[in-house]
Amino acid sequence: MRIDERLASGDPCFSFEFFPPRTDEGERNLGRALSELARLHPAFVSVTYGAGGTTDQKLKTLDIVTHARAEYGLEAMAHFTCVGATVEELRATLDRMRDAGIENVLALRGDPPAGATEWTATEGGLSYSRELIELIRADYDFSIGAACFPEVHVHAESAESDLRYTKAKVDAGARFLITQLFFDNQVYWDFVARARDIGIEVPIIPGIMPIGNVAQIKRFTEMCGATLPDRLLRELELRADQPAAVTDFGVAYATLQCADLLANGAPGIHFYTLNRSPATRAILSALRSLAPWQGAVPV
């Protein structure tokens with residue numbers, strides 16, 4: 001099912017993000033997570049490309065998407081980037097997706113390859129996710145999603161220019177947006193308000209990452225420019241030498257965060273799972289028991 005059509009139903013849209021593993025242990029983790037999270041019947045799952053954008057990584061992404069659809073009956077969306085590909089190669093990958101029955105694509109510029117500090121377009125390729133969206137929309141019938149950044153993309157000149165570029169992606173054909181992770185819901189609501197003010201009307205799905213490791217979440221937020229609120233950081237550091245306590249607190253915090261978002265009209269939650277299921281299973285099960293979205297007015 002197309003994700004834009006699923007979002008139009010009005011019911012909360014819960015989804016999970018996975019990444020292609022690089023080791024045998026990683027393969028086993030992913031297999032377990034897919035099997036366990038499939039039982040929760042998400043609206044869709046998504047699979048990242050990886051920063052390198054190599055041919056092997058692209059094929060791995062498509063393999064996982066195809067497997068999730070065939071083995072578990074999940075609607076699966078492939079992430080798709082401009083990294084390391086000419087326009088001809090991008091079209092070949094899109095052809096492969098279409099022929100595999102994939103209906104949904106998350107169109108991204110992509111990060112620089114490992115070791116590179118600046119983005120450089122491939123000769124004969126594309127430089128911006130907006131261009132990729134335009135290419136897809138012109139010749140393919142995918143439901144196209146795009147990323148957005150409530151706390152501003154790390155390479156953006158300003159919050160204003162970043163928001164204008166987000167609107168350009170929507171104008172080019174993106175039918176829904178998924179946010180970068182954040183830990184202060186006011187950041188999300190402020191972003192949604194600013195987006196609506198400049199004419200962005202598509203659903204904006206909040207991206208949530210349950211915290212399970214203090215050092216890891218500090219590293220992630222530094223890389224993507226997200227903020228750990230002082231009160232949250234203080235509680236995490238009090239438990240930094242107690243891994244189980246960090247996980248328990250992370251589940252509790254994310255559950256409260258998601259409940260508030262849904263109670264105030266967010267269209268769903270996109271969980272960054274890190275290829276593991278226990279935290280996400282606990283959070284989503286609690287949310288479905290509480291149903292905080294009942295009576296909420298969609299934003």
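When shorter helices are ignored and each DSSP H run of at least 4 residues is given -39500 (n - 2.57), the per-residue value for the chain at 222 nm works out to -15000 deg cm²/dmol.
The stretch 60-112: percent of C-alpha pairs farther apart than 19 Å? That tail contains 25 percent of the Cα-Cα pairs. Using C-alpha pairs below 8 Å separated by at least 6 residues, the relative contact order for the chain is 20 percent. Between Cys82, Cys148, Cys224, the GNM of the chain built on Cα springs shorter than 10 angstrom shows Cys224 fluctuating the most. Annotation: extensible slack from His155 through Ser9 equals 49.1 nm (criterion: 0.36 nm per residue apart, minus Cα-Cα distance).
Computed on the stretch 93-193, the Cα convex hull volume stands at 132 Å³ per residue. What the Cα atoms of the stretch 147-299 give is an Rg and a Dmax of 15.8, 47 Å.
Just so you know, the averaged projected area of the alpha carbon convex hull for the chain sits at 14.9 nm². Which translational diffusion coefficient, to the nearest whole µm²/s, is obtained for the stretch 241-282 from the Stokes-Einstein equation, given a Kirkwood hydrodynamic radius over C-alpha pairs, 37 °C and 0.692 mPa s? Approximately 290 µm²/s, per Stokes-Einstein. The H on the amide N of Ser46, modeled in the peptide plane, is under 5 Å from the matching H of Phe16, Glu17, Phe18, Met77, each at least 5 residues off or on a different chain. Neighbours of Pro21 by Cβ distance under 12 Å: Lys/Arg scored +1, Asp/Glu scored -1, total +1. Using a Gaussian network for the chain with springs between C-alpha atoms less than 10 Å apart, which of these wobbles most: Asp241, Asp63, Asp184? Sorting by GNM fluctuation, first place goes to Asp241.
Taken together, the values in this text are just the output of simple stated rules run on the coordinates, not laboratory data. In this text the structure is predicted, and so the values were computed from the model without any measurement. Methodologically, a virtual Cβ is constructed for each residue, glycine included, from the backbone with ideal geometry; neighbour enumeration extends over all protein chains shown.
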